[in-house]
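Each value in this text was obtained by applying a stated rule to the coordinates, not by laboratory testing. All of these numbers come straight from a predicted model, not from anything done at the bench. Heads up, the Cβs are rebuilt from the backbone with ideal geometry, glycines too, and the neighbour counts pull from every protein chain shown.
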Amino acid sequence: MYSLLLLYIAGQNRIIPLMKKAIIFHGTDENPQKYWYPWLAGRLETRGYEVQVPHYPELNRAPIAEFIGTVLGRHTFDDETTLVGHSAGAPLLLSILERIDVVVPQAILVAGFTEPLGPDASDPILQDTYNWEKIKANAEDIYFINSTNDPWGCDDKQGRIMLEHLGGTQIVRKEGHFGSGTYGQPYPAFELVDRLIP
């Protein structure tokens, strides 16, 4: 459960535990209390994780080039940090992984996308290009969870694009957007994601 860190203080060698951490990023116009986010946070906390579920109202409203600095400034990432992103939170994970200088053990992108979701779609969370090699190098394991019937278009085809660039594992379901107020999908728990995180 814990990694050991050797700490040198005033000539003393002390071994202290380094706690596992998880950060769960919500989607567009959502908040930390929606869908499966609080349920997953609770499950991970019972296993000893420090869990953050930040609220970013400007997610997918502000251009990613302006927004990413705020996110990087509010969080620390290390080799014990698992990243989970839902909907617009998934391309946010890609931008984070492209910019950090540490390898995280896991990134889980739920209903993620990297291409516009329609001819008139405005998705400022998307970058024009991605440094796929840097992203791939900064995550030991990466999972893409998509549905064949995602009503927003964050479907298995979007997941396949990321899989082709990054490798990893794609899991395809027929469960909509895995949480959507517009489409009446409360999705209060997400056993699959819980099982993927050790």
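Determine ³J(HN,Hα), in whole Hz, for all residues of the stretch 175-192 in sequence, where each value follows from phi through the Karplus function 6.51 cos²θ - 1.76 cosθ + 1.60 and θ = phi - 60°; x replaces Gly and Pro.
Running phi through 6.51 cos²θ - 1.76 cosθ + 1.60 with θ = phi - 60° gives 9, x, 9, 6, x, 7, x, 4, 9, x, 10, x, 6, x, 9, 9, 4, 4 Hz.
Could you work out the relative contact order of the chain? I mean the mean sequence separation of Cα pairs under 8 Å and 6+ apart, divided by the number of residues, in percent.
19 percent
Taking H placed 1.01 Å from N in the peptide plane, check which residues at least 5 places from ASP141 or on another chain put their amide H under 5 Å from its amide H.
Residues meeting the criterion, in which the H sits 1.01 Å from N, are GLN106, ALA107.
Do the alpha carbons of any pairs in LYS21/LYS157; LYS134/LYS174; LYS21/LYS174; LYS20/LYS157; LYS136/LYS157; LYS34/LYS136 sit beyond 26 Å of each other, and which pairs? Could you put the intermediate results ahead of the total?
Numbers: LYS21/LYS157 30 Å; LYS134/LYS174 31 Å; LYS21/LYS174 30 Å; LYS20/LYS157 32 Å; LYS136/LYS157 19 Å; LYS34/LYS136 29 Å.
Where the Cα-Cα span goes over 26 Å, the pairs concerned are LYS21/LYS157; LYS134/LYS174; LYS21/LYS174; LYS20/LYS157; LYS34/LYS136.
In the stretch 143-198, which chymotrypsin sites (Phe, Trp or Tyr not before Pro) fall in coil by DSSP and have 15 or fewer other Cβ atoms within 10 Å?
TYR183
Let me see the pair-distance distribution of the stretch 20-196: every alpha carbon pair, 5 Å bin width, integer percents in order.
2, 9, 19, 24, 23, 17, 6, 1, 0
Using only Cα atoms and rounding to the nearest 10 degrees, what angle (0 to 90) does helix 89-99 make with the longest principal axis of the chain?
Computed tilt is about 50 degrees.
Pairs of Cα atoms under 8 Å, at least six residues apart: use those to get the relative contact order of the stretch 69-122, whole percent.
Contact order relative to length: 40 percent.
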